[in-house]
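Notes follow the structure.
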Amino acid sequence: KSLVKLLREEGAVKSDRVACVMEKLDRALFIAEGERNLAYMDCPMQIGFNATISAPHMHGSCLELLNKHLQPGMHALDVGSGTGYLTAAFALLVGDQGRAVGVEHIPELVEQSIKNVKRSPAASLLEPGVLSLHVGDGRLGWPEHAPYNAIHVGAAAPQVPQPLIDQLKPGGRMVIPVGEGAQELVVIDKGPDGSLKQWTASSVRYVPLTSKDEQLRGGV
Ligand code: SAH
């Protein structure tokens with residue numbers, strides 16, 4: 001609660017809805033047992049395989065940017081789902097009539113993320129398939145449950161993958177870090193007529209959206 005209070009004071013969290021879901025989803029449940037004392041610090045943490053769980057202020061900012069597109073019954077895609085934290089938050093927001101799909105290319109992280117979700121308040125959404133976490137190359141999206149009202153990408157792409165644009169629903173929004181080295185958090189709004197509007201929310205630093213081999217070779 002005090003972490004969420006801090007995020008509100010800093011402006012990363014603005015709405016009661018996002019504050020409420022972040023209070024409900026204890027970040028410590030998504031972190032290895034031995035490191036849980038660090039769970040409420042506002043910084044990213046290593047989760048193995050050259051990946052990190054994003055800092056709480058980034059989770060908060062992305063949830064705020066996508067809030068209107070995570071209404072009950074909507075479909076959300078989380079590319080590079082890592083620990084499963086944001087996919088679980090999406091599932092709680094879209095509710096039992098909606099769908100939250102996570103795609104992550106490291107099988108061990110997907111397995112762990114399912115364990116994380118199982119001990120969280122989003123656990124009951126797994127069985128009916130409201131929340132699902134899959135092994136796959138997220139640059140291809142997840143066509144099965146497309147189109148998505150909200151697409152979040154948790155790793156920085158050199159450019160926006162076309163399949164993700166194609167899987168965004170008219171009226172939907174994608175939040176994606178773009179760039180190599182200097183990165184920007186880019187917001188892409190697809191109009192009801194399919195037209196695209198793109199703007200930059202902030203400068204950021206994410207792990208790269210890349211191939212599994214490249215990620216395991218590189219150091220973060
Ligand atoms: N939002 C997640 C962020 C995890 S870090 C969290 O807070 O837990 C980004 C994740 O993207 C890493 O787990 C990494 O393995 C994954 N990733 C990178 N490239 C990918 C790709 N092409 N397909 C799927 N996942 C990818």
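General observations
- Database remark: amide H of G98 closer than 5 angstrom to the amide H of G73 (H placed geometrically; neighbours at sequence offset of 5 or more, or on other chains; Pro and chain starts carry no H).
- Ranking by accessible area, most exposed first, for Y40, Y206 with a 1.4 Å probe: Y40, Y206
- Karplus (6.51, -1.76, 1.60) ³J(HN,Hα), θ = phi - 60°, over region 209-215, in Hz, Gly and Pro reported as x: 8, 8, 7, 4, 4, 4, 4
- Note that region 98-107 has calculated 3J(HN,Hα) couplings of x, 8, 10, 10, x, 10, 9, 8, 9, x Hz, one per residue in order, obtained from phi through the Karplus relation 6.51 cos²θ - 1.76 cosθ + 1.60 (θ = phi - 60°); glycine and proline are x.
- Accessible surface ranking that places the most exposed of W142, W199 first, with a 1.4 angstrom probe: W199, W142
- The residues of the chain expose, per residue, 46 Å² of accessible area to a 1.4 Å probe.
- The chain, relative contact order in percent, only Cα pairs under 8 angstrom and at least six apart counted: 16 percent
- Amide proton proximity set for T52, modelled H, under 5 Å, gap of 5+: I47
- Within the accessible area of the chain (1.4 Å probe), percent carbon and sulfur: 52 percent
- Relative to its Kirkwood radius, the Cα radius of gyration of the chain gives an Rg/Rh of 0.92.
- Within the full protein context, the accessible area of D16 is estimated at about 110 Å² for a probe radius of 1.4 Å.
The values are calculated or read from the model by the stated rules, or taken from the named source; none is laboratory data. Computed from a predicted structure; not experimentally measured. These area figures cover heavy atoms from the full protein model, side chains too; ligands, DNA and RNA do not enter into them. Shrake-Rupley method; radii C 1.70, N 1.55, O 1.52, S 1.80 Å.
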